[in-house]
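Q: Take this structure, written in structure tokens, and hold onto it; I'll ask about it next.
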Amino acid sequence: MSKQTEDKSSPVNISLKELVALRALPQRTEKPRSLASAQLAGGHRSRFRGRGMEFAEVRGYQPGDDVRSIDWRVTARRGKVHTKLFHEERERPVLYALDYRRPMFFATRGRFKAVLASQLAALLAWQAMAQGDRIGGFLFSEEKHTELRPRGGHRGVLQLLNAMTSDPVWQRPPHQPFQPHQRLAETVQRLLRVTRPGSRVHLFSDLTQWDDSVEKQLAVLSRQAEISLYFLFDPLEAELPQGNNYRLSDGSSDLLISTASSQVRSHYHRNFATLHERVNAFCKSYRIVFYDVVTTSDPQQFITGNKG
């Protein structure tokens, strides 16, 4: 992202004008050189079968193949298990799942996690539109969720961007008190219900309330869709600063903490590292593409793989 564009970007507000303007930024045109960049660029080959797929060929069954794709006629004729392979059709459903719960409206540096997630999703959606994909969305908070059926062309992208910015629930005033009414696992379960087989899902979250139930739902989702998981966090959430006293507030009460103790800082960092390692290991087990996204990230450079 150019310095001029970055200076105009609000770090605390999700702006429709700014999300629309992201379309004008340079897009990746070269062939991706790694799995990560290939996933971000939105390639169309997949191991999943579902609606929107067309038959390609039959080959011998391999471990990991979907048993539902076994070609029983060829298997009976040749005496060896064979499975059908499919190519995705041009207009593939791509779903952008955005976490707009209150912890996402936080940052000590860079931009709010929710703002950065919205900008990344907008950049990816413009790229997907250029490739002919259909764009859908799943936006959720403590109080509600919004489902957007995939649509092609500008309509799909603008539907998503408007949903990001038109609902006051997604535009939270900072420091507003809250009590979570719904756990992350329940939200992922709803996402599972609305995701069509063969879809691609981009999930943006700070992974608050990550637990066994979340993993169970995502494991099921990974069997019918390709998932990219973006773990958004602020530097302060990963590591406490050197010893001092700091005031924290949830909007209704204050808490004074001291970081003078090296043991306290070490324990704090270890908790973050444990969560990170757990999520990363889970994603590897279920072929989910995993990205760390710190609030100081430049959205354009992150998407194009030129992170500094």
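Q: Hey, what do the phi angles of the stretch 104-109 turn into as Karplus ³J(HN,Hα) couplings, whole Hz, using 6.51/-1.76/1.60 and θ = phi - 60°, x for Gly and Pro?
A: 6, 9, 8, 5, 9, 9
Q: Greater than 32 Å separation of Cα atoms is the criterion. Which listed pairs, Lys84/Lys216; Lys113/Lys284; Lys84/Lys144, meet it?
A: Cα-Cα > 32 Å for Lys84/Lys144; rest within.
Q: Given a 1.4 angstrom probe, what's the average accessible area per residue across the stretch 135-271, in square angstrom?
A: Accessible area per residue, the stretch 135-271: 50 Å².
Q: Continuing with this model, one more query. Could you sort Tyr291, Tyr246 by accessible area so the largest value comes first, with the probe set to 1.4 Å?
A: In descending accessible area the options line up as Tyr246, Tyr291.
Q: How high is the relative contact order of the stretch 90-134, in percent, with contacts defined as C-alpha pairs under 8 Å that are six or more residues apart?
A: 52
Q: Let me ask you something else. If I model a spin label at Val169 and Arg77 as a point 7 Å from the Cα along the Cα→Cβ vector, what separation in nanometres do I get?
A: Each label point is offset 7 Å from its Cα along the Cβ direction, giving 5.3 nm.
Q: If ligands, DNA and RNA are left out, what is the accessible area of Leu256 with a 1.4 Å probe, given in Å² to the nearest 10?
A: 120
Q: Turning to a different aspect of this structure: Quick one: if the Förster radius is 25 Å, what FRET efficiency do Ile257 and Glu186 give, using the C-beta to C-beta distance and rounding to 0.05?
A: 0.20
Q: A further question follows. Normalised by the number of residues in the stretch 245-308, what is the relative contact order in percent for Cα pairs under 8 Å and 6+ residues apart?
A: 14
Q: In whole angstrom, how far apart do the alpha carbon centroids of the stretch 243-308 and the stretch 134-173 sit?
A: Between the Cα centre of the stretch 243-308 and that of the stretch 134-173, the gap is 26 Å.
Q: Still on this structure, please answer the following. May I ask you to rank Val67, Val294 by accessible area, largest first, using a 1.4 Å probe over the protein chains only?
A: Putting Val67, Val294 in descending order of accessible area: Val67, Val294.
Q: A further question follows. Sorting Val81, Val289 by accessible area (1.4 Å probe), largest first, what list results?
A: Order by accessible area, largest first: Val81, Val289.
Q: At a Förster distance of 25 Å, what's the computed FRET efficiency of Ser285 paired with Asp211, Cβ-Cβ distance as r, to 0.05?
A: The calculated FRET efficiency here is 0.95.
The values are calculated or read from the model by the stated rules, or taken from the named source; none is laboratory data. Since the model is a prediction, treat every value here as computed from it, not as a measurement. Quick reminder, even Gly has a Cβ in these numbers, built from the backbone with ideal geometry, and neighbours come from all protein chains shown. To get the accessible areas, we keep the full protein, side chains included, count just its heavy atoms, and leave off ligands, DNA and RNA. Shrake-Rupley method; radii C 1.70, N 1.55, O 1.52, S 1.80 Å.
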